[in-house]
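Remarks on the structure that follows.
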Amino acid sequence: MALLAACRPDAPAAETAGPPAARPTAQPLVAAAEGNPADTLHLPGGQVARLQPGTAAAFNHLPADTVADAYSTDPEPIDLAQLRVRRRGLDLRLQPTAGPLVKLSSVPDAQFTLQNGAAVRYQYLGSLPSVHQWVVRANYWESDATVLVDQRTGRRLEQPGRPFASPDGRHLLLCSPALRDGGDQVNMLSLVRVDEDGPRLVWQREPAAWEAEEARWAAPNRVLLRLRRAEGLRDDAPPVYAGLTLPTLP
């Protein structure tokens, strides 16, 4: 991908005395540097995707993903109408239409400790009805992940980070930023496809030069990312924005 080499906020053009001059157009928040491998994702089948310049205005113009926003929702939006998603104490129970009951069991509070490598808490976030998926958050001691459970078969898939669904719901890009926070969270970008058999991982990559905080889909195969670069990870450093075109989605 084209490397985003420079980051600067949009600024109005300065006015100068003398004959009128053409006003420079607003510059994107990031500028591309062609050929930098740090901003290139090598994907299966020899395909390559490169980050391209983006702006905050273009990113904010796109709708946010409501399922991803539910990561901060409390309490759980349990589906009492269908009685197919239920909470029984520490157990989250999901009943597919054709398949065995899926039970995700959280550990008791007393066991949710740094010393317990199996410590996990499950929280139901909602569903993607167009592709028949339940979305569950898995909280570990120093990391989090998304669990997709197929409403038809019960097939499940867990990947690090927050999910951002494509307009048709068939693909989810999961952002797991970890360059700043450290701990056990992995700095990863993953693409998941949902087909008739349920969710499956298409690819995952661990960028070393940047972390993706959020994704918004501009088209079925194009996303805009809000990200932070490895050299600008101060708490007060502004994010930068980049487009990513995903070639030949399966």
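Residue selection: Pro163 fails the criterion of being over 14 Å from the mean Cα position of the chain (by Cα) and touching a residue at least 60 places away in the same chain (Cβ under 8 Å). Selection of segment 132-160 for residues being small (Gly, Ala, Ser) and within 13 Å of the chain's Cα centre (by Cα) yields only Ala145.
Of all residue pairs spaced 6 or more apart or on separate chains, those with beta-carbon atoms under 6 Å, a first member in segment 204-220 that is touching a residue at least 40 places away in the same chain (Cβ under 8 Å) and a second member that is of a type in the set (Gly, Ala, Ser) and crowded, with 16+ Cβ neighbours inside 10 Å are Gln204/Ser190; Ala209/Ala38; Trp217/Ser166; Pro220/Ser166.
All conditions but one from (1) in contact (Cβ under 8 Å) with a residue 60 or more places away in the chain; (2) touching a Phe, Trp or Tyr at 6+ places or on another chain (Cβ under 8 Å) apply to Trp141; the one that does not is (1). Across segment 36-56, the qualifying residues are those that are outside any loop (DSSP other than H, G, I, E, B) and at pLDDT below 75, and the one among them that is surrounded by the fewest Cβ atoms within 10 Å (Cβ to Cβ) is Pro37. The set of residues from segment 57-75 being of a type in the set (Asp, Glu) and modelled with pLDDT of 70 or more comprises Asp65, Asp69. What number of residues within segment 80-94 satisfy the criterion of being under 19 Å from Ala138 (Cβ atoms), in a loop (DSSP other than H, G, I, E, B) and either at pLDDT 95 or above or under 27 Å from the mean Cα position of the chain (by Cα) (or both)? Qualifying residue count for the region: 1.
Looking only at segment 130-153, filter to residues that are not charged (D, E, K, R) and not in a strand (DSSP E or B); which one of those is surrounded by the most Cβ atoms within 10 Å (Cβ to Cβ)? Checking each candidate, the answer is Gln151.
Can you tell me which residue is surrounded by the most Cβ atoms within 10 Å (Cβ to Cβ) among those in segment 194-209 that are out of contact with any Asp or Glu (no Cβ under 7 Å at 6 or more places or on another chain) and of a type in the set (A, V, I, L, M, F, W, C)?
Residues of segment 194-209 out of contact with any Asp or Glu (no Cβ under 7 Å at 6 or more places or on another chain): 194-197, 200-208.
Now restrict to residues that are of a type in the set (A, V, I, L, M, F, W, C): 194, 201-203, 208.
Values: Val194: 24, Leu201: 13, Val202: 17, Trp203: 18, Ala208: 11.
Of everything passing the filter in segment 194-209, Val194 is surrounded by the most Cβ atoms within 10 Å (Cβ to Cβ).
Residue-wise test of (1) out of contact with any helix residue (DSSP H, G or I) (no Cβ under 9 Å at 6 or more places or on another chain); (2) more than 24 Å from Pro96 (Cα to Cα).
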| position | (1), (2) |
| --- | --- |
| Leu157 | yes, no |
| Met188 | yes, yes |
| Arg193 | yes, no |
| Leu201 | yes, no |
| Pro220 | yes, yes |
| Leu224 | no, yes |
| Leu227 | yes, yes |
| Glu231 | yes, yes |
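The values are calculated or read from the model by the stated rules, or taken from the named source; none is laboratory data. Given the structure is predicted, the values throughout are model-derived calculations rather than measurements. Using ideal geometry, Cβ is built from the backbone for each residue, glycine included, and neighbour counts are taken over all protein chains shown.
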